[in-house]
Structure formats: structure tokens, C-alpha cells
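The values are calculated or read from the model by the stated rules, or taken from the named source; none is laboratory data. Predicted model only: the values in this text are computed from it and were never measured. Note that we place each Cβ from the backbone using ideal geometry, even for glycine, and neighbour counts take in every protein chain shown. Areas reflect the complete protein model, heavy atoms only, side chains present, ligands, DNA and RNA absent. Shrake-Rupley method; radii C 1.70, N 1.55, O 1.52, S 1.80 Å.
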Amino acid sequence: MRLAVGILRDAPPEGWGGKAGSLEWDCWETAEHLANDLFYYAVQLGPQSPPLDTHVPFALSQKRPDGPAKFLFADRDAGPAGLVQVLEACGALLVAMVRTTPPRVRAHHGAGVSDPEGFAAMGVVETLVHMHDLAEGFGLAWTPPSALCSRVLARLFPEAPDGADPWLTLLWATGRAELLGHPRLTTWRWASTPRS
């Protein structure tokens, strides 16, 4: 999260209304969506007995019909610096929940009931790939550490091909890039269920 926040703090203020990479959302909506993902993963682990058949029932809403559905919105009056604080706070919340939740705990996710490690990995993937979208939108460079990409590939995308650059493979696994010898994915899903 620190890498992402560091880059977003330097993003040009006028770029927040521009399209985020290949997404239909602008950069502001994409950063808010990422904050929501991190918040969502954290709160699934929060109840003493997390639900296994549905998510913790926060109400979703949209600010525009084609925008992402979200639980929380950053105060636009706080500007990009405020949005980055919201993102950083949601990331910190997920880190705290993952660190303090016993590994045996299970909670709902649409891709399958997961454990704290799985929610952490999903948060990392969301951060890496949405930072890719944001970096494209802002015209900034973004290449996360290969070791981090390898770890989340192993945890969430065990069927992903071996041998290619882990970052490119992660982009391929999330439908954002082509990978030599493999067609670009138009739909994708990770394996969130706990590993034995």
C-alpha cells in the first residue's frame, strides 16, 4: 500500500477525472473502488462469527449509473489528498484485521469462503492491478515487486502459467494483458478458498 500511496500522492491533480486505463471508471472512482475493496475485505473478518453465506450487509450505492457500486465515498471537498488518505486508511484497516484475526477464521467472499491470508492476498491483487489502471490513467510508471506478484499468483491463481514475468502474468490473470502463448482473458476469477 505504501508504494501505491506514494505514487498517488504525486499524481497530477487534473488527472483524477480522466479514465483509469482500460476501465470505464475515472481515476477518482477507481481509487474509491480500491478503498472499498480493502474496507470490504477487512470488515468480512470483523464479526465474532463472520457470515459464510453472504457478506456483512453494508449498503451499496452508486453516484452515477455506470460507476462502481461502493460502500463508502471519499469527501470530494478534501481533494485528491483526502482520497489518498481514505485509501491508506482502508489499507491499514485490512492489514490490522489480517494480523489480528486467527488463521482458522473463515468469512464470505463471492469467489468462495476465505481466510485472513486469502483476504490479504485479494487486497494485494486489487491494489496492484488497480494501481496499474490508475498509473495508465495518469501516465505514470508502475511496476510492483516481482516477489509480491509471485506470492499472490501462487495463492489466488494457482493455475496461472509459469515461466513468464510474474507482473505480466498477474496482469494476464486479471484480464489486463496478453501473455505469450495464452489468449487475453475476457473473464477471470481467483481461487479465494483457503489452501491446505
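Miscellaneous remarks
- Accessible area of the chain belonging to carbon and sulfur atoms, whole % at 1.4 Å probe: 55 percent
- Calculated over the chain, the projected area of the Cα convex hull averaged across directions stands at 11.2 nm².
- Approximate shape of region 37-96 as ellipsoid semi-axes (Cα gyration tensor, √5λ), whole Å, largest first: 23, 17, 7
- Accessible area in the full protein assembly, largest first, 1.4 Å probe, for LYS63, LYS19: LYS63, LYS19
- Local electrostatic count at PRO166 - Lys and Arg +1, Asp and Glu -1, tallied over other residues with Cβ under 15 Å: 0
- Our summary gives the chain a relative contact order of 24 percent, counting only alpha carbon pairs under 8 angstrom and 6 or more residues apart.
- Contact order relative to length of region 92-161, as percent, for alpha carbon pairs under 8 angstrom and 6 or more apart: 25 percent
- For HIS55, no residue whose modelled amide H falls within less than 5 Å of its own remains once neighbours fewer than 5 places apart on the same chain are excluded.
- For the residues ALA31, ALA121, ALA164, a GNM of the chain with alpha-carbon springs under 10 Å puts the largest fluctuation on ALA164.
- Euclidean distance of C-alpha centroids, region 67-139 and region 1-21, integer Å: 15 Å
- Solvent exposure of region 37-196 as accessible area per residue, Å², 1.4 Å probe: 52 Å²
- Gaussian network model of the chain, springs between alpha carbon atoms under 10 Å - residue of GLU159, GLU29, GLU136 with greatest fluctuation: GLU159
- Dimensionless Rg ratio for region 95-180, taking C-alpha atoms and the 2.2 N^0.38 Å reference: 1.16
- Length gained on full extension, GLU159 to LYS19, computed as 0.36 nm times the residue gap minus the Cα-Cα distance: 47.3 nm.
- Convex hull volume per residue in cubic angstrom - Cα atoms of region 133-178: 77 Å³
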